[in-house]
Amino acid sequence: MTTREAAAGRWQLLIPLGSTEQHGPHLPLDTDTRIAIGVADRAAAGIADVVVAPALPISAAGEHAGFAGTLSMGADAVTAMLLEIVRTAGPEFASITVINGHGGNYAAVTAAVERCAYEGRALRAWSPANLAGDAHAGRTETSVMLAIAPESVRLDRAEAGSTASIVEMMPQLRDGGVAAVSPNGVLGDPAGASREEGVAILETWVAEVVAMLRG
Ligand SMILES: [Zn+2]
């Protein structure tokens, strides 16, 4: 899209918010970014006035510190980044919706939405529903990645991680991050993941975003 094409519309803007963080032995570091883009692109495909911004690929991943390849900024920085984008976006954008691929950003995104509401600016956000016992690099994310980017999934290297619920693990997670509860970085178990399951999950997520855009 050129600037003149942008100026000619009243767009609903989707901003994919990803992360660069370890995803166990079998998924790539940019899993959350790919998922955010995958959901945003599919939601935008069916609606004429929706456009997708370039993805934001680094965010709040401090809980994955100590695992090679992880890049992070604090939650406050993520909130500030989103606020600045919303504050400076022009009138060609009728609405802005963050498509958040990384559960660890939930608090930062929610803070940005609340601050924007206080300032009288519309910002919405979508995050995948809380995945009980399957929070990170488990069956859900592995299935969705098999649907979005199967060439990036090393299924032969998949291993189970900790399958306790996030609530149970929270005290340890808060103090020591993922490394304290799961040496291989997985929260959940990728066993049973499939492309079919990923397509179905993706359809549910895309339908949620489309409902937000039409609602
Ligand atoms: Zn992830």
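Bear in mind these aren't lab numbers, they're just calculated from the coordinates by the rules spelled out. Since the structure is predicted, the reported quantities are computational estimates derived from the model, not experimental observations. Note that we place each Cβ from the backbone using ideal geometry, even for glycine, and neighbour counts take in every protein chain shown.
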- Would you mind calculating the relative contact order of the chain from Cα pairs under 8 angstrom and at least 6 residues apart, reporting the percent as a whole number? 25 percent
- What whole number of Å gives the distance from the Cα centroid of the stretch 137-215 to the Cα centroid of the stretch 10-89? 16 Å
- Taking the chain as the reference, fit the longest principal axis to its C-alpha atoms, fit the long axis of helix 31-45 to the helix C-alpha atoms, and give the angle between the two in degrees, 0 to 90, nearest 10. 40 degrees
- Note on the structure: Residues whose built amide H sits under 5 Å from the amide H of F93, excluding neighbours closer than 5 in sequence, are W11
- Item | For q = 0.20 Å⁻¹, Debye-computed log10 I/I(0) when each Cα of the stretch 74-177 counts as one equal scatterer | -1.06
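Give the order of L155, L83, L123 when sorted by the count of other beta carbons within 10 angstrom, beginning with the fewest.
Details: L155 14, L83 18, L123 23.
Going from least to most buried by this count: L155, L83, L123.
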- By how many degrees, between 0 and 90 and to the nearest 10, does the Cα long axis of helix 139-148 differ from the longest principal axis of the chain? 50 degrees
- Item | GNM top mover of D175, D49, D76 - the chain, alpha-carbon springs below 10 Å | D175
- Note on the structure: Taking every alpha carbon pair in the stretch 1-116 and sorting the distances into 10 angstrom bins from 0 up to the bin holding the longest one, the percent per bin comes out as 14, 42, 31, 11, 1
- Dmax and Rg, reported as Rg then Dmax, of the stretch 118-215 (C-alpha, Å): 15.9, 50
- If packing is taken as the mean number of other Cβ atoms within 10 Å per residue, what is the order of 135-145, 1-11, 23-33, highest first? 135-145, 23-33, 1-11
- Message: What number does the chain give for Rg over Rh if you use C-alpha atoms and the Kirkwood radius?
- Response: 0.98
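Quick one: work out the % antiparallel among DSSP beta bridges in the chain, nearest 5. Provide the component values of the computation, followed by the final result.
Values: 3 of 20 bridges.
In the chain, approximately 15 percent of DSSP beta bridges are antiparallel ones.
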- Simple spin-label estimate for A200/D41, 7 Å along Cα→Cβ, in nm, reads 2.4 nm
- Task: Enter the angle in degrees (range 0 to 90, nearest 10) between the Cα long axis of helix 106-119 and the first principal axis of the Cα atoms of the chain, meaning the one along which they spread out most.
- Result: 20 degrees
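Figure the gain on full extension for E84 and A107 (residue separation times 0.36 nm, minus the Cα-Cα span) and round it to one decimal in nm. Can you show the working numbers first?
Numbers: separation 23, 0.36 × 23 = 8.28 nm, distance 1.71 nm.
Here the segment from E84 to A107 would lengthen by 6.6 nm.
Taking 0.36 nm per residue of separation and subtracting the Cα-Cα distance, what length does fully extending A6 through A122 add?
Details: separation 116, 0.36 × 116 = 41.76 nm, distance 1.91 nm.
Result for the pair: 39.9 nm of gain on full extension.
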